[in-house]
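Single-structure report; data block below.
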Amino acid sequence: MNDPEIESLTRRLDELEAKNVGLMREVRRLRRIGASALGLATALLLCGAGLTLADRIILQHPEGGNIRLELASDPNGSVLRMYDADNVRRVELGSGKISTGLYLYNAQGDLVRRVE
């Protein structure tokens with residue numbers, strides 16, 4: 001290899017390392033957001049409603065009745081889903097036998113990012 005090729009590869013490697021650092025930072029941020037959301041949902045459920053045994057707990061907006069938050073559980077695991085004002089799923093935090101991770105959706109409800 002000649003010097004221009006080595007310089008090109010070195011520059012590309014530096015760019016990829018910088019992108020990797022940014023992605024790792026974003027993953028940590030998304031994990032913190034997911035953990036915070038789960039903690040908040042748990043606190044709201046335990047403080048506001050007392051101890052409730054259910055397979056599915058739904059929090060609805062007081063005006064209009066749109067689902068805003070859903071906490072569900074089945075034999076395969078548990079999931080926390082958050083919905084926007086248009087009742088479109090935007091965030092999902094799941095933990096189970098089949099899949100575990102944080103899932104982010106766009107305004108149409110299409111999956112745009114998955115963090116495991």
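So which residues in region 86-116 are under 10 Å from the mean Cα position of the chain (by Cα) and not β-branched (Val, Ile, Thr), if there are any at all? Once the filter is applied, which keeps residues that are under 10 Å from the mean Cα position of the chain (by Cα) and not β-branched (Val, Ile, Thr), region 86-116 yields Arg90, Glu92, Leu93, Gly94, Gly101, Leu102, Tyr103, Leu104, Tyr105, Arg113, Arg114, Glu116. Given the criteria under 15 Å from Ile57 (Cα atoms) and hydroxyl-bearing (Ser, Thr, Tyr), does Ser95 qualify? Criteria not met by Ser95.
FYI, it's all coordinate maths here, none of it is from the lab. Just so you know, these numbers come straight off a predicted model, no measurement behind them.
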